[in-house]
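What follows is a single structure, written as structure tokens, with notes after it.
Values in this text are rule-based calculations from the coordinates and carry no lab data. These figures come from a predicted structure and were not determined experimentally. Virtual Cβ from ideal backbone geometry, glycine too; neighbours counted across all protein chains shown.
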Amino acid sequence: MDYFCHETAVIDEGCTIGKGVKIWHFTHIMPRSEIGEGCVIGQNCVIFPEVVLGKNVKVQNNISIYTGVTCEDDVFLGPSMVFTNVINPRSAIIRKDEFMKTNVAKGVTIGANATIICGNDLGEYSFVGAGAVVNKDVPPYALVVGNPAKQIGWMSEYGHKLELDEDGMGTCPESGEEYQLENNKLLKIEKA
């Protein structure tokens, strides 16, 4: 094995697990799921069939990732955050053919106890605050908080809230990378 799996974890046959993955206590990885290289999956998690996790995804404790969810590279899922996959669940009605897809793009952070309602996509490097309830798409680099989640700013790729000047320019205090807001879209300025 090219990955670590705690002795209490259950790994079903038919899943793909990349090199350097760490799977901790009481976690269940179900068939046909794909776990990319370098992922860390905390305690008491369930990865359902056909879930795809890119490289370096961090799944904190007590998270279920349901069929229909894809997390691209470098996603952070905070403790006890929640995904859904059916918009109108009922115990007595089977709706497995109605699973909705949710895509979590590269570099997204989802805070502890946040809820992502199915069918909504999170743009690259967006940041969902702890406890937020996302019920619509989140633009790239957006910072959203509250219930329902509302955008209150823009984030750098390093996870800092950007202070934009009157021209819509902002600089990440950690990386020095510069960003420009144009037509309500934040763009990272690429250096030559």
Could you list the residues of region 129-158 with an amide nitrogen less than 15 Å from a label point located 7 Å from the Cα of residue 87 in the Cα-to-C-beta direction? 135-137
What is the local net charge at residue 157, summed over the other residues whose Cβ is closer than 14 Å to its Cβ (Lys, Arg +1; Asp, Glu -1)? -4
Net charge of neighbours whose Cβ lies under 15 Å from the Cβ of residue 38, counting Lys and Arg as +1 and Asp and Glu as -1: -1
Could you calculate the contour length gain from residue 161 to residue 4, that is, 0.36 nm times the residue separation minus the distance between their Cα atoms, to one decimal place in nm? 53.0 nm
Which label marks the calculated value of percent of Cα pairs over 24 Å apart, given the options (i) 42; (ii) 47; (iii) 32? (i)
Roughly how many whole Å is it from the C-alpha centroid of region 114-183 to that of region 1-75? 26 Å
Among the chymotrypsin sites (Phe, Trp or Tyr not before Pro) within region 89-192, which fall in a DSSP loop and have no more than 15 other Cβ atoms within 10 Å of their own Cβ? 158
Quick check: pseudo-label points 7 Å beyond the Cα along Cα→Cβ at residue 96 and residue 192, how many nm apart are they? 5.8 nm
Reach of residue 19 by Cα under 30 Å, taken over lysines that are not fewer than 8 positions away in the same chain: 55, 58, 101, 106
Could you give the size of the charge dipole of the chain about its Cα centre, using +1 on the Cβ of each K and R and -1 on the Cβ of each D and E, expressed in debye and rounded to the nearest 20? 740 debye
Net charge over other residues, Cβ less than 12 angstrom from the Cβ of residue 54 (K, R count +1; D, E count -1): -3
